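J.: The structure's right below; bear with me while I get my questions together.
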Amino acid sequence: MAPVISTVQDYLAFLFVLLCLGLFLFFLYFGRNLPKVNLRNIEAFRRFKREVDLAVEAGKRLHISLGRGSINELPGGAAFVGLTILDRCARAASNSDQPPMATTGDGVLTILSQDTLQSTYHSLGTEQHYDPTNVRLTGLTPLSYAAGALPTIRDEDISANFLAGHFGAEIALLAEAGARSQSLTVAGTDAIPAQAVLYATADETLLGEELYAAGAYLGAGPAHLACLRMQDIVRWLLVALIIFGAILKLLGILS
Amino acid sequence: MTDIICPLCGKPNPEELDECQYCQAPLKVAGFIASPEDQEDFSQIFPPSPDQAGEEDQDTQPESPPPSEQSIPDWLKQTEASFLKPSEPEPEELSSEQLSEQIDALINLPSTPAEPQKSAIDDEWLTSLLSEAGAIESIPEGEVLLERAVETGEETSTPAGEETTQEEEEPPAVPAERPAWLTNLEASSNIKLDGGMQPSEVPEPEEQEASVEETGVPGASEHVEIPDWISKVSFEEVPPEPKEPEPPIEPAEIPGWLEALRPSEEATPTAPVEDVSAADVVTAGPLVGLRGVISAHPSAIQARKPPTYSIKLRVTEEQRARVQMMEELLAEEQKPKPPTSKRIITSQNIFRLAIALVLILPIVWMIIAKSQQSPLPQPANYPGVIDFFQQVQQLPAGAPVLVAFDYEPGFSGEMNSAVSTLLSQLMAKNTYLTLVTTAPSGVALAESLVKDAGTGLAGSLSSYPYYTDLGYLPGGTMGLLGLASSPKTVLPYSLEGIDVWASAPLNTVSSVTDFGAVIVITNDPDTARAWIEQVGPVLRAEDGPILMVTSSQAEPLIRPYYEASPSQVQGMVAGLAGGQAYSRAVGRQPQNGVWDAFSMGVTVSILIILIGGIISMVFMLQASARKRED
Amino acid sequence: MKRILPITNAVIAVVSGLIVLFGYFFPGLLSGIQSVLIGWAIIIAAFALLVGVFNLVMVHWKKTGTEGSNSIYSIVLLISLFITIIVAGLSGPTGSWTLWIFNNFQVPVEVSLLAVLAIVLLYAGARLLSRKPKWYTILFLITVLLVLVGSAPLFLAGESAPLSALRSWLSQVPAIAGARGLLLGVALGTVATGIRILIGIDRPYGG
C-alpha cells in the first residue's frame, strides 16, 4: 500500500493531467450526444459582443491588450487565451473599416499575436487587412508597457478595449484611459492583485477562470466548450477533495 | 384636256403619256386597280361590264400596252390587285343590308345552276374579293363558302365555252343597282382574263394580237374570252348532292366568359385600326399605292455602309461632376481623421485634480519637513521581519549569497528602504553578493543599489568589492529551474565577461544549495511563487534559507508560504512598513519623514474613499427616492 | 508547401510540448532532451525580445510619417532609444552613463506612473459606489478601508492594535481563501489551455 501511495504521490500531477485530458477528449467527441451546455450569462461577454457590432457599424477600432505574460511561465495560459480572443475579435471585425489593434508587453507574445492575426486574415481571405504594425510591443517593463498602451487607447479611435492576459496593478492605468476616452473596457487576468484593481476601475471584469471561458463564449469552437465541461467536473472534484481533506484534518487522521 | 390620274401614285399626268411621269407606272394598261380615290375616274377608263367594257373600249382610243406592261404576267397583276386595298373607306359605303342583298344576288345568279353550294363555289372568288373589301356581313356563310371553294375549286373544270356562255349570261343577271366598284371589278377581271395566263387555257399570243388588231383594245373581242378558271368557278354545274338529313346539332352552352369574348356584331372592321392617312404612299414595287407599309421595292432598301460608332466613352458634364464628387468622397475616407478635441476642463478632471492635490500636498509637506510624529513600526508587529533579520545575521562571513533583484523600478519608493537595509546588513558581514535578475530592468537596478549601498557603507568612497553581477536570466520559470539545478550552465559568465565560477568563492558553488541564502526581492507575487516553487524544492532543510523582500500587494499571497509547516520561506519583509520595521531591527532609524508621509497618505486616502462613498450613497438614495415617487 | 507547413508546425509544437511535459514526470527518460529544448526556448525568448524592440521601432517610425501632434512623441521615443542603445553599448549595461540614464529617467518616470496609479485607484474607489451600486461594492469598500486603516498608523491618531489584527485576519483568511480559489480556477484554465495546445487544437503559431 505504501509503495502505491508513494507512486501516486510522485505521479499525482501526471495522473491529474491524464484525467483532464481524458475528460476533455470525452466531451469533445461524445459531447454532441450529451445535453447541450447552457452557458450562464456573463455580462462582460454580452456587452463586448454588442460593442464589437457597434464598432463595426461605426467604423471604429477594437483594442485587445494581451498583457506581459510570457508563454514560458505560468501566466502563459492567460496569454494564450488573449490570443484566442484576438483571433475571435479579428474575425468579428473582419468587415470593419479599421482592423483591431493589439498591444503586448512581451516579445514572444508580440510575434504570436502577429502570427495569429495573419492566420486569421488568411483564413478569411482578407490578407490585405493584415498590418504587422497593428500589433505593438509597447514596453518591456509593466509600467512602461502600460504607458505605451495609453496612446493606443486615446488616439486610435478605439470603441472597446479587451484586456486579457497577465497584468499587474498597472492595468488600472489602461482601464482609466478607456474610461476617459469613453470606450468600453472589459478586462480579465490571472493575477490576483490585478483583479482587485480591475473590479474598481474596469467597466466589466472577468474574475478568476471566467477569462478562460472566453473562447467558449466567443464561439471559438467545440473544443472550448469541452474544456469548460472538463473544468467544471474537475473543479467539483477538487472541492470534494478539499472538503474531504479538511474533514480528515479535523478528525486528526491527517497529520 | 383631262389629265390621267396615275393609278399608283395618284398624281395627275397628261393624257398623252403612257407612263406616269412621277412613278413610271403605266397609265393605260389593264390590270391595275386604281386607288379608291380615283375609282370613279377609273370607271371611265375601264368598263364596268364586259359589254360596257367593250363599248368603252371602242369609245376610247385604246393603245397598245407598253412593252413593260406586256411583260408583267397576269398572275402578278392579280397579286397586285389582291394586295391593293383601299386605304380609305369607300366613298359610298353600302349598308350591311344592301351588301347582303348584293351578295345574295351574286350568289343566286339565274345563269348559274341554283345551288347554294355551287353558287357559293362559283362565286367564291367574288366573295373573297368582297370580303377583302370589307363589305361582307355574313362572315360565317362567307367563310363556309370560301372554304368550300378552296376545297372544290381545283376539282371543278368547265369547258371554256360554257364558261364563256356563263360569263356572258352573268352580266344580265346582275341587278340593276350594282355598285360601281363591283362593275369595275368585273371589268378588270374580264380584262385580266384577256391578258392573263391560265394554265389550262393560255390564250395564244397570236389570237390575242389578232383580237387586239381587230379591235384595238386588248381583249375587246365580240366574245369575251373568259379564262377557264373563272369558268370553272362560275359556270360549273355541280350536280346537287343528295342531302342527308343532318342530325340537329344542339347549340353548345357557351360560358359567360366566352360569350364576352365574342366580337360585337355591330362592330364591322371597315376601317384599319391604325390611321395611316399620314403615311407615305408606296410609289414602286408590288405594294404600290399602299399606305403605311414598308415598300418592297428594291430601291426602298438602300444599302448603306453601317454606321461607325465611336468607342470613346461619352461622358456628360453632369456625369463628370458626379465622378469627381465620388473620387473626393473616397479620398476623404483614406485620410486619417483628426481626433475629436476633447474638453480638458470637465468635472471629472477637476475631481481628479482635487484628489491629487489633497493627496500629494500633505505628503510633500511631510517629506520637506521631515516629520517624525508617527511612531515607527515595531518589528514584532510584522511577522517574518525578525526571522528575516535573524537569518541574515546567521550567515557566515564571506559566504556567497544569491540575491535576485526582480522588482520594477517603479516600486523603488516602497522597496528601496528594505533593500538598502538588507544590503547594508549583508555588506557588513562581508558576504559575497551574487546578483541575478529575471527582469530586464533588474540589472541596472541591482547595480545602482549595490553601488549606493557600498558608498554609503561606513562613509567609504569606493563601491563594495565583494559582489558579482550574473546579469539577466532569460526564460522566466524555465530559467529558474535551470538556475536551481546548475547555475554555472545557465549563467556561465558575469556581466563583465568573467568566468566567476572558476575563482573563489563561487568555485565551490555547483548548485543553488551551495549558496548561503537565496534572497528574492520582488513586487510580483507570481515571481515570488516561481522562485519558491522552482528553487525551493531543490533546497533542503540544512541548506540555505529562502528569504523574501516583497511589496505590500504580494504579502498576502506569500505569507502562507512563510506560515506553512514546514515553511518554504524562512523570512519575509513586506512593504514600506515591513522595511521600516526591518530597519529598526537592524538598528537604523530613518529620519527622512517617509513614515509620516506614508501615514498621512493613508489617512487622506481613507478620508477620500469614505467621503466619496458617502456622497455616492446619498445621491443613490435620492435617486431611488425619486424613482419611487415617480 | 502551404499545406505541409502548418502540419509540420503543429507536429513540431506537439512533439516538443509532450517531451517537455513528460520530462517533468519521467526525468530519467527525457531530461536530456528536455534540457535542450528548454535551452532553445530560453534563447528564442531572448531573441524575441529583440524582435519586439524592432517592432516598436517600426511602429513609431511609421507614426513619425503621419500627420498629427502626437508624432513628436514617436520622434522623441526613437531618439531616446537610439541614444540609450549607443550609450549602453559604449558604457556597458552597468556603466556610469547607463546608470545615469536609468536613475534619472527610467526610475523617476516609473515611480511617477505608480503615483498616478495611486491617484487613479483613489478616484476609482471614491466613485465606485456610484458606478456599481450593489451590496458587494459596499462590502468591497469596507474591506478596503479596514485594510488601509490596519496598514499604517493614522496620522495624529496612532496605530490601533485591534484594527491591525483585523487587517491581518482579513488578508490571511478570507482574502487568501478567495485568492486560492481563484488561483485553482486559473490553474484549471491553464491546464485546459495547455491541453488544447498540446494536442494541436489551438494553434497560435500559425498552423
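The values are calculated or read from the model by the stated rules, or taken from the named source; none is laboratory data. Quick caveat, the model's predicted, so the values are computed rather than measured. Every residue, glycine among them, receives a Cβ derived from its backbone with ideal geometry; neighbour counts consider all protein chains shown. These area figures cover heavy atoms from the full protein model, side chains too; ligands, DNA and RNA do not enter into them. Shrake-Rupley method; radii C 1.70, N 1.55, O 1.52, S 1.80 Å.
J.: Identify, from the list C:ILE44, C:ILE19, C:ILE38, the residue that is assigned to a helix (DSSP H, G or I), β-branched (Val, Ile, Thr) and open to solvent by 60 Å² or more (accessible area, probe 1.4 Å).
T.: The match here is C:ILE44.
J.: Please verify whether B:ILE546 is buried (at least 22 other Cβ atoms within 10 Å of the Cβ), away from chain C (no Cβ under 14 Å) and aliphatic (A, V, I, L, M), treating the condition exactly as stated.
T.: Yes: the conditions hold for B:ILE546.
J.: Hey, could you check the range C:90-102 for residues that are assigned to a helix (DSSP H, G or I) and open to solvent by 60 Å² or more (accessible area, probe 1.4 Å) and say which is farthest from B:PRO409 (Cα to Cα)?
T.: It comes out as C:LEU90.
J.: On the basis of being more than 9 Å from chain C (Cβ to nearest Cβ), open to solvent by less than 20 Å² (accessible area, probe 1.4 Å), touching a helix residue (DSSP H, G or I) at 6+ places or on another chain (Cβ under 8 Å) and within 29 Å of A:ASP97 (Cβ to Cβ), does A:ALA194 make the cut?
T.: No.
J.: Go through the range B:469-485 and give me each residue that's more than 60 Å from the chain's Cα centre (by Cα) and more than 9 Å from chain C (Cβ to nearest Cβ).
T.: Hits for the range B:469-485 are B:LEU470, B:LEU480, B:LEU483, B:ALA484.
J.: Quick check on B:ALA581: is it in contact with a Phe, Trp or Tyr (Cβ under 6 Å, 6 or more places away or on another chain), under 20 Å from B:PHE388 (Cβ atoms) and within 12 Å of another protein chain (Cβ to nearest Cβ)?
T.: yes
J.: A further question on this structure: Let me spell it out: the conditions are (1) under 60 Å from the mean Cα position of the chain (by Cα); (2) surrounded by 24 or more Cβ atoms within 10 Å (Cβ to Cβ), and B:PRO440 meets all of them except one. Which number is the exception?
T.: Just one mismatch for B:PRO440, condition (2).
J.: Within the range B:559-578, which residues are within 12 Å of another protein chain (Cβ to nearest Cβ), closer than 21 Å to B:ASP526 by Cα and surrounded by 21 or more Cβ atoms within 10 Å (Cβ to Cβ)?
T.: B:ARG559, B:TYR562, B:ALA574, B:GLY575, B:LEU576, B:GLY578, listed by residue number.
J.: Looking only at the range A:93-116, decide whether some residue is within 9 Å of chain C (Cβ to nearest Cβ), free of Cβ contacts under 8 Å to residues at least 40 places away in the same chain and under 21 Å from A:ALA213 (Cβ atoms).
T.: yes
J.: Please find, among C:ALA126, C:ALA118, the residue that is more than 7 Å from every other protein chain (Cβ to nearest Cβ) and small (Gly, Ala, Ser).
T.: C:ALA118
J.: How about the range B:307-406: which helices (runs of 4 or more DSSP H) wholly inside it have at least 2 residues that are open to solvent by 40 Å² or more (accessible area, probe 1.4 Å) and assigned by TED's automatic domain parsing to the domain that holds B:ALA517?
T.: Result: B:385-393.
J.: So, one more: Of the residues C:LEU77, C:LEU81, only one is part of a helix (DSSP H, G or I), surrounded by 15 or more Cβ atoms within 10 Å (Cβ to Cβ) and at negative phi; which?
T.: C:LEU77
J.: For A:LEU206, all conditions in the list (1) surrounded by fewer than 24 Cβ atoms within 10 Å (Cβ to Cβ); (2) under 30 Å from B:ILE558 (Cβ atoms); (3) more than 8 Å from every other protein chain (Cβ to nearest Cβ) hold save one; what is the number of the exception?
T.: With respect to (1) surrounded by fewer than 24 Cβ atoms within 10 Å (Cβ to Cβ); (2) under 30 Å from B:ILE558 (Cβ atoms); (3) more than 8 Å from every other protein chain (Cβ to nearest Cβ), A:LEU206 is out only on (1).
J.: Also: Residues being open to solvent by 70 Å² or more (accessible area, probe 1.4 Å) and either within 7 Å of another protein chain (Cβ to nearest Cβ) or small (Gly, Ala, Ser) (or both): count how many of those fall in the range B:598-616.
T.: Adding up the residues that qualify gives 1.
J.: For the range B:551-563, which residues satisfy the criterion of being without any contact (Cβ under 8 Å) to a residue 40 or more places away in the chain and either aliphatic (A, V, I, L, M) or closer than 23 Å to B:ALA446 by Cβ (or both)?
T.: B:GLN553, B:ALA554, B:GLU555, B:LEU557, B:ILE558
J.: Name the residues in the range A:92-124 that are surrounded by fewer than 19 Cβ atoms within 10 Å (Cβ to Cβ), within 20 Å of A:GLY59 (Cβ to Cβ) and either at pLDDT 90 or above or of a type outside the set (D, E, K, R) (or both), would you?
T.: A:SER94, A:ASN95, A:LEU124
J.: Right, next: Suppose we keep only residues that are under 23 Å from the mean Cα position of the chain (by Cα) and either farther than 16 Å from A:ALA223 by Cβ or more than 7 Å from chain A (Cβ to nearest Cβ) (or both) within the range C:183-201. Which one would you say is most open to solvent (accessible area, probe 1.4 Å)?
T.: The residue in question is C:LEU184.
J.: Could you tell me which of the residues A:LEU23, A:LEU86 is open to solvent by 30 Å² or more (accessible area, probe 1.4 Å), modelled with pLDDT of 90 or more and facing chain C (nearest Cβ under 10 Å)?
T.: A:LEU23
J.: Then there's this: Which residue is modelled with the lowest pLDDT, if the candidates are limited to the range A:209-235 and must be open to solvent by 30 Å² or more (accessible area, probe 1.4 Å) and within 30 Å of B:ALA528 (Cβ to Cβ)?
T.: Checked the range A:209-235; the qualifying residue modelled with the lowest pLDDT is A:GLU209.
J.: While we're on this one: Between residues in the range B:409-424 that are open to solvent by 30 Å² or more (accessible area, probe 1.4 Å) and residues that are acidic (Asp, Glu), which pairs lie under 8 Å by C-beta distance while being six or more apart or on different chains?
T.: B:SER420/B:ASP452
J.: Any idea which residue in the range C:131-179 is most open to solvent (accessible area, probe 1.4 Å), counting only those that are part of a loop (DSSP other than H, G, I, E, B) and under 21 Å from B:GLN580 (Cα atoms)?
T.: C:LEU156
J.: Given the condition within 14 Å of chain C (Cβ to nearest Cβ) and surrounded by fewer than 22 Cβ atoms within 10 Å (Cβ to Cβ), answer yes or no: does some residue in the range B:497-507 qualify?
T.: yes
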